[in-house]
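One structure is given below, encoded as C-alpha cells.
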Amino acid sequence: MSKLILVANWKNYPNSLPEAKALLKELSKKKALFSKTTLFIAPPAPYMELVANSFAKLASQDLFPTEKGAHTGTVSVEMLKSFGTKVAILGHSERRALGESSRDVAVKVKTALKAGITPLVCVGELVKDAEGEHFEFLREEIKASLTGVSKKDVEKIMLAYEPVWAIGKSAKDVINPGELSQTTLFMRKVLSDLFGRSAAEKVSILYGGSVEPKNVSDLMTGGVRGMLVGHASLNAKSFVGIVEAIFENK
Ligand code: 13P
C-alpha cells in the first residue's frame, strides 16, 4: 500500500514571509511523523522557494498553460519546474469561481503532464444534494476536465473530490464517510468508463473540504488515498493533529 498523500493548500496565506517561515519551522519539528505520508505543500508563489527548501515536496496552486512570454501576472511552467514543483492543483473551485472552465482545466492538465508535473484535478458539486443529482454533475466535470488525456497518462493524474459546500466549514459540517465512499466509488466508475478499469484503479482520489483532526480518521474510510487540506494546514497544531489522528488513533 502506497503512503497516504497529504496536500496542504495554503491558498492566499500566510500573510507574511516570517509567518510562512514560522509555520514551516513548527511543522518541521514533526518531520518524522510527516514522513509516514507523502507531504506536498502548495504555497502562494512568493513562498515557493521557502517550501522548495523545506522537508515537504512543492506543489503549485495552479499553472499557466502558455510558455514563457509577455503574460503579466502569471508564473510559467518552466519556473514551477525550476523550483522542483511535483504536483499542480488544477481546477480548484476557487479558481473555477473566477471563471475557469473545465475546458481550461483540461488544457492545464495536458500542460502539466507534458512538463512532468502531476496534475491534481479538483472536482465537486456546489451545493449539498440528497437526491444524487451531483453524480451526473461530477461525471460531466471529470469528463470535461480530462478531455484529451490518454489512457496511459490518466494513471499519472490525481483527482480530488472537493464538494464546494464542505469547503471552509468546520469538521461537523463535512460529508459523512458513507457518502464519501459512495462518491469515490462513483468517480472510479466514471474513470473506468472513460479510460478502462486498470487505468482507473491507478488514479489516486483525495478528499478535500474541512478536513480537521476531528474528522480525518472517519474520512479516511471513504475510499480515498489522501487529503487535500485548506485552513487546518495553516496552523501547525491542527495540521500535525491531522497526521497524529491518522497514525496514532487519537
Ligand atoms: P478547507 O480545508 O479550508 O475546507 O479547504 C479545502 C480546500 O479547498 C483545499 O483545497
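The values are calculated or read from the model by the stated rules, or taken from the named source; none is laboratory data. As the structure is a prediction and not an experimental result, all values here were calculated from the model. Heads up, the Cβs are rebuilt from the backbone with ideal geometry, glycines too, and the neighbour counts pull from every protein chain shown. We work out accessible area using only protein heavy atoms, side chains counted, and drop any ligands, DNA or RNA first. Shrake-Rupley method; radii C 1.70, N 1.55, O 1.52, S 1.80 Å.
A few comments on the model shown:
- Filtered residue count, the range 210-230, keeping only those that are touching a Leu at 6+ places or on another chain (Cβ under 8 Å) and open to solvent by less than 20 Å² (accessible area, probe 1.4 Å): 8
- Residue match in the range 73-93 (condition: more than 17 Å from the chain's Cα centre (by Cα), of a type in the set (Ser, Thr, Tyr) and at pLDDT below 95): yes
- Yes/no for residue 105 being among the aliphatic types (A, V, I, L, M) and over 30 Å from residue 52 (Cα atoms): no
- Only listed residue being hydroxyl-bearing (Ser, Thr, Tyr) and surrounded by fewer than 19 Cβ atoms within 10 Å (Cβ to Cβ), chosen from 204, 233: 204
- Residue match in the range 234-246 (condition: within 21 Å of residue 123 (Cβ to Cβ), modelled with pLDDT of 95 or more and within 15 Å of the ligand (Cβ to nearest atom)): no
- With a requirement of 2 or more residues that are under 21 Å from residue 188 (Cβ atoms) and free of Cβ contacts under 8 Å to residues at least 40 places away in the same chain, the strands (runs of 3 or more DSSP E) lying completely within the range 30-147 that satisfy it span 118-123.
- Here residue 193 meets each of (1) closer than 20 Å to residue 43 by Cα; (2) more than 12 Å from the ligand (Cβ to nearest atom); (3) part of a helix (DSSP H, G or I) with one exception, condition (1).
This table checks each residue for (1) surrounded by fewer than 22 Cβ atoms within 10 Å (Cβ to Cβ); (2) closer than 25 Å to residue 95 by Cα.
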position	(1), (2)
146	no, yes
150	yes, yes
172	yes, no
178	yes, no
185	yes, no
199	yes, no
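- If you filter the range 205-222 down to residues that are within 11 Å of the ligand (Cβ to nearest atom) and in a strand (DSSP E or B), you find that the one that is nearest to residue 118 (Cα to Cα) is 206.
- Every residue from the range 238-250 that is open to solvent by 10 Å² or more (accessible area, probe 1.4 Å) and touching a residue at least 60 places away in the same chain (Cβ under 8 Å): 240, 244, 246, 247
- Set side by side, the residues 154, 123 differ, and just one is more than 16 Å from the ligand (Cβ to nearest atom) and either out of contact with any Cys (no Cβ under 8 Å at 6 or more places or on another chain) or open to solvent by less than 40 Å² (accessible area, probe 1.4 Å) (or both), which is 154.
- Yes/no for residue 75 being out of contact with any His (no Cβ under 6 Å at 6 or more places or on another chain) and open to solvent by less than 10 Å² (accessible area, probe 1.4 Å): no
- Matching residues in the range 25-41 - criterion: being surrounded by 12 or more Cβ atoms within 10 Å (Cβ to Cβ) and over 24 Å from residue 160 (Cα atoms): 26, 28, 30, 31
- In the set (1) in contact with a helix residue (DSSP H, G or I) (Cβ under 6 Å, 6 or more places away or on another chain); (2) surrounded by 17 or more Cβ atoms within 10 Å (Cβ to Cβ); (3) of a type in the set (Val, Ile, Thr), residue 89 fails one condition alone, (1).
- In summary, residue 164 fulfils each of the numbered conditions (1) away from the ligand (no atom under 11 Å from the Cβ); (2) touching a residue at least 40 places away in the same chain (Cβ under 8 Å) with the single exception of condition (1).
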